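A.B. asks: This is the structure, below, for whatever I ask next.
The values are calculated or read from the model by the stated rules, or taken from the named source; none is laboratory data. Keep in mind it's a predicted model, so treat the numbers as computed, not measured. With ideal geometry, Cβ positions are generated from the backbone for all residues, glycine too; neighbour counts draw on all protein chains shown.
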Amino acid sequence: MEELLSTVLIIFSTSLLLFILARAFYTLVWMPKKFDKELKRAGFKGSPYKFLIGDFKEIGRSLKESWARPMDMNHQIVPRAIPFVHNAVQKHGKTSVLWIGAQPRVIISDVQLLKEVFSNKDGCFQQIQVTNPLLKLLAMGLSVLDGEQWMRHRKIIVPAFYMLKLKGMIPTFSISCHELIRRWEEFTSPQGSFELDVWPEIKNLTGDAISRAAFSSSYEEGKIIFQLQKEQIALMNEAAYSMYVPGFRFIPTKKNKRRMYLNKKMKAILTDLIHRKEEGMKKGELSSDDLLGLLLQSYREGDSTKSSALTIDEIIEECKLFYIAGAETTSSLITWTLILLAMHPRWQEEAREEVVRICGKNPADYECISRLKIVTMILYEVLRLYPPVPVVHRHTGVQTKVGDLSIPAGVEIILPIILIHHDPLIWGRDAQEFNPNRFSEGISKTFMELFFPFGTGPRMCPGMNFAMIQAKMVIAMILQKFSFELSPHYIHAPIAFLITLQPQHGANIILRRL
């Protein structure tokens, strides 16, 4: 009997070992070689696959070298912001391939091919699959969904961002802006000036505005959610830049326990908020004008069948996404706008003159900011040079073609928007210069096909108007109260970190009260 058990155990162990080895060979050798052969046959150029590590060493080295030193005070930021993508395109062309471990990443920086990917409605190009369970704790809302699930969420969420409803949120934005201005005025020295790193200030402002806009009747709890999500993002940054080992999330390390606690805490607060909001709206005691109310109202007024209504968990994920997509991207836009206006005082003065002429000394309202042509031109030019999300990713669900290029199923596509925005063949010899005049006629039909800071096609960001309204209001109110210039301590060092384009060493400027 013992010999039989021993034999069975040996057979089982040997079979398991052979299965693991076969799986490893399939994943780390056979599939990468197959991808490599198919992509090269299709016309993609790049370094050959290196067993297990791919281009990890080269990517790590390029990031380390680029981020180790600041750059000159100019806007040629692509080599520093996305060095490994820039290097691959320079070396192998606009349709190239690099390897993240055993997984190929196809880079498409040809504008016509990129537009083809963005505009595809067949579902061939899906959102990237989040495989690291730790990253899934951030948010699993609209931006990572596909197919019918994405269509269902988008149908409910988009009405919350209609301009008429956003117009009603202007007073809410104004409160957050007023508090920022009041705090900055208290910083003013007897000489009338002070130095400030505006990056964390603006991040707090946009988080505050999101809290008010999303949960107006429960603003204090909204602020707690923002602080919890901010800490979660910091922890997730570490997870994003390290290799995930399956099962690691179950190991009770200090950081893992903190991640789980933050997720559990946010979910508990949001669940309570949603239930109270729904009950209050039914009784007519609570307004439906904030984002959470509009989200609940949108799906109730639409097709409220069981299959199309959002579950509590789905609404929670969308609320978490408000903070990431709303606060992180909008704070990037506003911060880079302040930096560039400090770099270019002539444009700062022109913008201020326009704000004073149209708004006077009154707080900016919707009628005022909707007439700010120069401020809008400046924001568009900042979005061109410093897009909040410089690189967008897609995933091929099935084998498909882009132009004449055939891409196998299971390949991630890197779409470097920032490369298109800086291309002199598209924007002219002054492509690397700050020139808001190029948008003097707004976003013309020509520019619309070349300019996509919020994406384009079916998956264009629904919060685009939300971000632009916030940015116009903040910039207008700051220009009314302060002039500003770059501090001698400012270090120009843009980096594409995790999702957004950020100032690596902060955004120190000197403000003078007017």
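A.B. asks: Considering only residues that are among the hydrophobic types (A, V, I, L, M, F, W, C) and either under 12 Å from P104 (Cα atoms) or touching a strand residue (DSSP E or B) at 6+ places or on another chain (Cβ under 9 Å) (or both), which ones fall in region 18-50?
C.D. replies: Matches in region 18-50: L28, M31, F35, L39, A42, F44.
A.B. asks: Now for a different question. Output the residues belonging to region 457-491 that are closer than 24 Å to I77 by Cβ and in contact with a Lys or Arg (Cβ under 9 Å, 6 or more places away or on another chain).
C.D. replies: Those that are closer than 24 Å to I77 by Cβ and in contact with a Lys or Arg (Cβ under 9 Å, 6 or more places away or on another chain): F484, E485.
A.B. asks: Follow-up. Looking at I339, I369, I334, I374, which is the one that is touching a helix residue (DSSP H, G or I) at 6+ places or on another chain (Cβ under 6 Å), surrounded by 21 or more Cβ atoms within 10 Å (Cβ to Cβ) and modelled with pLDDT of 95 or more?
C.D. replies: Details: I339 fails: touching a helix residue (DSSP H, G or I) at 6+ places or on another chain (Cβ under 6 Å); I369 fails: modelled with pLDDT of 95 or more; I374 fails: surrounded by 21 or more Cβ atoms within 10 Å (Cβ to Cβ).
From the options I339, I369, I334, I374, the qualifying one is I334.
A.B. asks: Something else about it: Return the total of residues in region 374-410 being free of Cβ contacts under 8 Å to residues at least 60 places away in the same chain, over 15 Å from L113 (Cα atoms) and of a type in the set (D, E, K, R).
C.D. replies: 1
A.B. asks: Which residues, counting only those in region 411-445, are without any contact (Cβ under 8 Å) to a residue 40 or more places away in the chain and more than 23 Å from the chain's Cα centre (by Cα)?
C.D. replies: Scanning region 411-445 gives P424, L425, G428, R429, D430, A431, E441, S444, K445.
A.B. asks: Is there any pair with a first residue in region 79-97 that is basic (K, R) and a second that is surrounded by 21 or more Cβ atoms within 10 Å (Cβ to Cβ) whose Cβ atoms are under 7 Å apart and which are 6 or more apart or on different chains, and what are they?
C.D. replies: Once the first residue is basic (K, R) and sits in region 79-97, its partners that are surrounded by 21 or more Cβ atoms within 10 Å (Cβ to Cβ) give R80/P494; K94/S109.
A.B. asks: Against the definition (at pLDDT 90 or above, under 33 Å from the mean Cα position of the chain (by Cα), in a helix (DSSP H, G or I) and β-branched (V, I, T)), how does V97 come out, yes or no?
C.D. replies: Against the criterion (at pLDDT 90 or above, under 33 Å from the mean Cα position of the chain (by Cα), in a helix (DSSP H, G or I) and β-branched (V, I, T)), V97 does not qualify.
A.B. asks: Also, I was wondering about something else. Of everything in region 188-221, what is of a type in the set (S, T, Y), modelled with pLDDT of 75 or more and surrounded by 16 or more Cβ atoms within 10 Å (Cβ to Cβ)? Give them in sequence order.
C.D. replies: If the condition is that a residue be of a type in the set (S, T, Y), modelled with pLDDT of 75 or more and surrounded by 16 or more Cβ atoms within 10 Å (Cβ to Cβ), then S193, T206, S211 are the ones that fit.
A.B. asks: Continuing with the same structure: Using beta carbons and a limit of 9 Å, which pairs, at least six apart or on different chains, have the first residue in region 479-492 and under 22 Å from S66 (Cα atoms) and the second one of a type in the set (G, A, S) and surrounded by 19 or more Cβ atoms within 10 Å (Cβ to Cβ)?
C.D. replies: Y490/A342; Y490/A507
A.B. asks: Another question, then. Does F25 satisfy being farther than 30 Å from L385 by Cβ, surrounded by fewer than 17 Cβ atoms within 10 Å (Cβ to Cβ), among the aromatic types (F, W, Y) and more than 33 Å from the chain's Cα centre (by Cα)?
C.D. replies: It is true that F25 is farther than 30 Å from L385 by Cβ, surrounded by fewer than 17 Cβ atoms within 10 Å (Cβ to Cβ), among the aromatic types (F, W, Y) and more than 33 Å from the chain's Cα centre (by Cα).
A.B. asks: Could you check P70 against (1) more than 26 Å from T400 (Cα to Cα); (2) surrounded by 21 or more Cβ atoms within 10 Å (Cβ to Cβ) and say which number it fails?
C.D. replies: (2)
A.B. asks: Here is a follow-up. Taking the condition of being part of a helix (DSSP H, G or I), modelled with pLDDT of 90 or more and in contact with a helix residue (DSSP H, G or I) (Cβ under 9 Å, 6 or more places away or on another chain), how many residues in region 35-60 meet it?
C.D. replies: Total satisfying the criteria: 0.
A.B. asks: Same structure, new question: Working carefully through the options M468, M448, M460, find the one that is closer than 28 Å to L166 by Cα and over 18 Å from the mean Cα position of the chain (by Cα).
C.D. replies: Answer to the check: M448.
This table checks each residue for (1) closer than 29 Å to S109 by Cα; (2) aliphatic (A, V, I, L, M); (3) surrounded by fewer than 16 Cβ atoms within 10 Å (Cβ to Cβ).
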residue: I413; (1), (2), (3): yes, yes, no
residue: L419; (1), (2), (3): yes, yes, no
residue: D430; (1), (2), (3): yes, no, yes
residue: S440; (1), (2), (3): yes, no, yes
residue: Q480; (1), (2), (3): no, no, no
residue: F484; (1), (2), (3): no, no, no
residue: A493; (1), (2), (3): yes, yes, no
residue: A496; (1), (2), (3): yes, yes, no
residue: I509; (1), (2), (3): no, yes, no
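A.B. asks: Just give me the residues in region 312-355 being hydroxyl-bearing (S, T, Y) and under 23 Å from E485 (Cβ atoms), in sequence order. Full working, then the answer.
C.D. replies: Let us first name the residues in region 312-355 that are hydroxyl-bearing (S, T, Y), namely 323, 329-332, 335, 337.
S331, S332, T335, T337 - these are the residues of region 312-355 that are hydroxyl-bearing (S, T, Y) and under 23 Å from E485 (Cβ atoms).
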